[in-house]
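Okay, so here's the structure we're looking at.
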Amino acid sequence: MINITRVNREEALRYLGGAGEPDSRMLALLDEAEDGLLKAAKPKYLCKIVELPCEWLLRGGDIKKHLGGCEKAAVMCATLGAEVDRLIRVSQISDMPRAVVLDALAGAMIEQVCCEVDRILSEKLPESFFTYRFSPGYGDYPIEMQREYLRFLDAPRKIGLGMTESFLLTPTKSVTAVAGISSAPVPRGRRGCAVCSMQKTCAYRRKGSHCGFQNLT
Amino acid sequence: MDFRTLLNTKEFILLDGAMGTMIQKSGAKYDHSPETLNLTSPGLIASFHRAYVDAGADVLYTNTFGANAYKLEGSGCTVAEIIGAAVGNARSAAGGRALVALDIGPVGMLCEPAGTMTFEQAYGYFKEQIEAGGDADLIVFETMTDLLELKAAVLAAKENSDKPVIATMTFERDGRTFTGVSPAAFALTATGLGVDALGVNCSLGPDELEPVVAELTRYTDLPLVVKANAGLPDPNSNEYNILPDRFAECVQALLPCGVKIAGGCCGTTPEYIAKLGEMLSSNKYTPVPRTADSAVCSASTVVEINAPRIIGERINPTGKKIFKQALVDNNIDYILSQALVQLKGGAELLDVNVGHPEIDEKSMMVRVVKAIQSVCDAPLQIDSTKPEVLDAGLRSYSGKPIVNSVNGEEKSLSQVLPLVKKYGAAVVGLTLDENGIPKTAEGRFEIAKKIVERAEALGIDRRDVFIDCLTLTVSAEQEACRQTLEALHRVKTELGCKTVLGVSNISFGLPNRGLVNSTFLTMALEQGLDLPILNPNIEVMSGAVRAFRVLSGYDKNANDFVAAYNDAPATPAAPAAKPQQGTADLFTAVYSGLKNEGAAATKLLLEKEDAMEIVNQRLIPALDRVGADFENKKIFLPQLIQSANTAQACFDVIKSHLAKSGGAGVSKGKIILATVKGDIHDIGKNIVKTLLDNYGYTVVDLGRDVDPQLVVDTAVEQNITMVGLSALMTTTLKSMEDTIALIRRTRELQNPDGSSRVTVFVGGAVLTKDYAMKIGADYYCRDAKESVDTAKLVFGK
């Protein structure tokens, strides 16, 4: 079970236009919205480890490159749950500024949930090295893979995470991803942030990016 | 023996255990989904079934949980093939010793509003499965998490077969399904839809189900079903932690809640079922009658009519110019804001009436019901004089609604009551008939009695008939008030029905109507009125109900009353802006996003300045400054929106001033906005809408997941030449391209020389300027601010 008690505001503020330090008006908005979000969110995740090569998983060149040299991969998905979507929807009618803040905070929070999954994994497999998370839709990895991920993890039944006919995840604040697992250190460009020594100071990460994304178009 | 006979004659019915667990344990390999094994390894599947028959199971679930057209896509098998084979496998294994239940799980896509699957799509998937399973003895819907999807399933079963139906949902540890359905709402809704038994399966172990099962039993008379998991799987070994003996023990503890049908879900095997059967054979079924009072619900909220509850009356165009315009303009957001504001005012139920000669009432009812249910939990009262509108509204409603209304006329009784029965709703019964409204209480009571009798003859519980003894105008007929109250009292005490009454008619033609209304309301409450229909935002009305609930002992310790009034923010005496500084104030107010102050400052300025002057010299510059600061990263997006909202409040003041002085409107141009087909991320589009609104443009918002044809039709019908499209995902950019292509192709939207009359601007996270140009857009807007700049450019103002 994942329990998040504070949302990463820096990240959320970046989504909101990144205008430096928030003033008191912004802070009040953030406080109120964060409170509402934490009450509405029910973070859930699923994670299964597969042996590589795994035929259904490897479609296109980028994912093969990404998982190159790894013996296993962790296939995962995570969601904040349907109530968060609803909260944002209601706010869009009654209070648009709040909706925008909620949306940004929820975006930051689902990333936090994923980082928690990374952490749980690395605790479970202390001897292993991990790549960063790679998701359907990155590079040439087809978005259609959402369907395979959800089916493989039995996500609709187990955590209520599904998708639409155009492969958008529902609830919307959700993620599917795969991380490579290796017994040998992973090259920096593919290394997962949770286990990277640059974690605290990385310039890419501060911008919400990843050093590995530079290779993707 | 058929299932219904079994249900009536046998003490308990034993269901089978898990199929998935058996398949997993056998190590059987399958290509696409476990359902394909019905065709590739029929013997293996039959052997699992046989093991359950040998363990004593009375009913076998076919191996068809995910055998719907959506999930089977890509498997190379059809629904008919798999279900046909699956029923055959179960039937052969049963050998006459057990019944075969067609097992149907959720489609695998979420229904609107969480997802994009419509009620009709879900219905279509289920219908196909039900038709394919014609040889089964009964139909089971299990592991359901969405109440609307379950409703589609049960209706598909009822309308396409006459087989018995069992419905079970899956609840999480917080006592709700993934989509937030409560056990009570499920029990009320499924009972109303006429299932034969209902209950819970999967997700939790039987040791954790007591709260869920206890809640179910409070809201239904039906026998309950429990098909629990064998506890929780160990994350490493995947073994479940409750063993057969303990499993049976835990189920035994649930029997006093009215459980009559039991089996096992994930992790259970024939051994569990054998133990369960052993336990059941030494117990007696205890039927538990429903204890809840009259109740209606949405998917997440049950409102029990055990105290006076307000039905909000404001979603109704009668006598409301703005509301009528909203209907004509398809302005759903306006209607939604009416819903939300009434809930804030104290309404617990909302009446929904969208009857207006200029629109298609039926499709509007469906749209509005769906939209309201996507943002609020209050149960709804579907209000129309047309049976086909009621039918459509009832069908698309998630939960148990109220129908408004039936009356004593033969035509009404024979058209409306069957709908109420079919959809399991409650109904308002008006005490009038072919001869009009009886003058006397006696006459109205007689009609009420007739309505109740006719309802009961169709199997509608009188707890679901709410009688309206009708309020007449006291200034026209002074005695009428007494008659209404007396009839109400008699209905309440002699028929035992709940009562409903619209109250504000009473004061028509009198001065100080509020006083008359609230006094009448209090009198009616004292006579036993349960459901006053009123405007909860008139404080003296909702206040009277709140006070009555305290004084009559419904509101224990006056908790609700205190909550409503104690921390009411001492009405922040909207600072009557310092008179001398009106000018400076308006700028500050807009810049700082202070709505009330902005409106007050505008009012002051209007006393000495021309309206358009204020717009052009003050409001727009203030907004431009905010926009520039946003671009320069001095403020955040929500602050930009707050400022825009404040400007909107100022515009509203100016608009109503101009309307009074007969001046011209201030709309600068009409713009269509839509999130393209397939895309459900609409927050970006909504931000653009807010800003365009605030800058004085008229926006026709078509919503999300919008068909290209609808964009074109709206542009043609309303002669709109500017269209904004939004798409968030790479996958939906194709829809954007299609929409633009259709706009360009449409003759009516072209100039005589064949060039397009429509300016298209597009935006969205994954879009780039190059791509926007490539797919034929005229402008690419990086953010909401740029959309406004583009509109200014196009309209030249």
Selected residue (only one of B:335, B:315 is more than 30 Å from residue B:462 (Cα to Cα), aliphatic (A, V, I, L, M) and not assigned by TED's automatic domain parsing to the domain that holds residue B:502)
B:335
Give the residue, chosen from B:678, B:684, that is within 10 Å of chain A (Cβ to nearest Cβ) and touching a Gly at 6+ places or on another chain (Cβ under 7 Å).
B:684
In the stretch A:9-31, how many are within 13 Å of residue A:109 (Cβ to Cβ), open to solvent by 60 Å² or more (accessible area, probe 1.4 Å) and away from every other protein chain (no Cβ under 11 Å)?
1
Going through the stretch B:94-129 in order, the residues found to be buried (at least 23 other Cβ atoms within 10 Å of the Cβ), part of a helix (DSSP H, G or I) and without any contact (Cβ under 8 Å) to a residue 60 or more places away in the chain are B:122, B:125, B:126
Can you tell me which of (1) within 22 Å of residue A:164 (Cβ to Cβ); (2) away from every other protein chain (no Cβ under 14 Å); (3) not aliphatic (A, V, I, L, M) is the one residue A:151 doesn't meet?
(2)
Does residue A:186 qualify as being more than 13 Å from chain B (Cβ to nearest Cβ), out of contact with any helix residue (DSSP H, G or I) (no Cβ under 6 Å at 6 or more places or on another chain) and under 23 Å from residue B:31 (Cβ atoms)?
no
Among (1) over 27 Å from the mean Cα position of the chain (by Cα); (2) open to solvent by 20 Å² or more (accessible area, probe 1.4 Å); (3) touching a residue at least 40 places away in the same chain (Cβ under 8 Å), there is one condition residue B:562 misses while meeting the rest; what is its number?
(3)
Qualifying residue in the stretch B:297-320 (condition: assigned to a helix (DSSP H, G or I) and either open to solvent by less than 20 Å² (accessible area, probe 1.4 Å) or within 30 Å of residue B:376 (Cβ to Cβ) (or both))
no
Do we find a residue being of a type in the set (D, E, K, R), away from every other protein chain (no Cβ under 14 Å) and assigned to a helix (DSSP H, G or I) anywhere in the stretch B:640-658?
yes
Output the residues belonging to the stretch B:467-493 that are open to solvent by less than 10 Å² (accessible area, probe 1.4 Å) and either of a type in the set (D, E, K, R) or touching a Gly at 6+ places or on another chain (Cβ under 7 Å) (or both).
B:467, B:488
State which residue is most open to solvent (accessible area, probe 1.4 Å) when the search covers only the stretch B:19-56 and only residues that are polar (S, T, N, Q) and not in a helix (DSSP H, G or I).
B:41
The lone exception for residue B:334 - which of (1) aromatic (Phe, Trp, Tyr); (2) open to solvent by less than 40 Å² (accessible area, probe 1.4 Å); (3) within 14 Å of another protein chain (Cβ to nearest Cβ) it fails:
(2)
Which numbered condition trips up residue B:503, out of (1) open to solvent by 10 Å² or more (accessible area, probe 1.4 Å); (2) at pLDDT below 95?
(1)
Could you check how many residues of the stretch A:46-62 are within 21 Å of the chain's Cα centre (by Cα) and within 12 Å of chain B (Cβ to nearest Cβ)?
4
Please count how many residues of the stretch B:374-403 are open to solvent by 20 Å² or more (accessible area, probe 1.4 Å), away from every other protein chain (no Cβ under 14 Å) and not in a helix (DSSP H, G or I).
3
If you check residue A:25 against the conditions, is it at pLDDT below 90 and basic (Lys, Arg)?
yes
When you scan the stretch B:709-728, do you find a residue that is outside the structural domain of residue B:619 (by TED's automatic domain parsing), closer than 29 Å to residue B:643 by Cα, hydroxyl-bearing (Ser, Thr, Tyr) and in contact (Cβ under 8 Å) with a residue 12 or more places away in the chain, even just one?
yes
Can you tell me how many residues in the stretch B:709-736 are within 14 Å of another protein chain (Cβ to nearest Cβ) and assigned to a helix (DSSP H, G or I)?
7
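Quick grid of which residues meet (1) open to solvent by 20 Å² or more (accessible area, probe 1.4 Å); (2) polar (S, T, N, Q); (3) closer than 22 Å to residue B:430 by Cβ:
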{"position": "B:515", "(1), (2), (3)": "yes, no, no"}
{"position": "B:522", "(1), (2), (3)": "yes, yes, no"}
{"position": "B:527", "(1), (2), (3)": "yes, yes, yes"}
{"position": "B:530", "(1), (2), (3)": "no, no, yes"}
{"position": "B:534", "(1), (2), (3)": "no, no, yes"}
{"position": "B:541", "(1), (2), (3)": "no, no, yes"}
{"position": "B:546", "(1), (2), (3)": "yes, no, no"}
So residue B:766, is it part of a loop (DSSP other than H, G, I, E, B), among the aliphatic types (A, V, I, L, M), open to solvent by 50 Å² or more (accessible area, probe 1.4 Å) and free of Cβ contacts under 8 Å to residues at least 40 places away in the same chain:
yes
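Listed here are the residues, each with its yes/no results for (1) on the phi > 0 side of the Ramachandran plot; (2) over 28 Å from the mean Cα position of the chain (by Cα); (3) within 13 Å of another protein chain (Cβ to nearest Cβ).
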residue	(1), (2), (3)
B:74	yes, yes, yes
B:98	no, yes, no
B:110	no, no, yes
B:133	no, yes, no
B:138	no, yes, no
B:141	no, no, no
B:187	no, no, no
Can you say whether residue B:674 is in the same structural domain as residue B:594 (by TED's automatic domain parsing) and modelled with pLDDT of 85 or more, as far as the supplied structure shows?
no
Filtered residues of the stretch B:681-697 (kept if at pLDDT 85 or above and hydroxyl-bearing (Ser, Thr, Tyr)):
B:697
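The values are calculated or read from the model by the stated rules, or taken from the named source; none is laboratory data. A quick note: this is a predicted structure, and the numbers were derived from the prediction, not measured. Note that each Cβ is placed from the backbone with ideal geometry, even for glycine, and that neighbours are counted across all protein chains shown. Just so you know, the surface numbers come from the protein's heavy atoms only, side chains and all, with ligands and any DNA or RNA stripped out. Shrake-Rupley method; radii C 1.70, N 1.55, O 1.52, S 1.80 Å.
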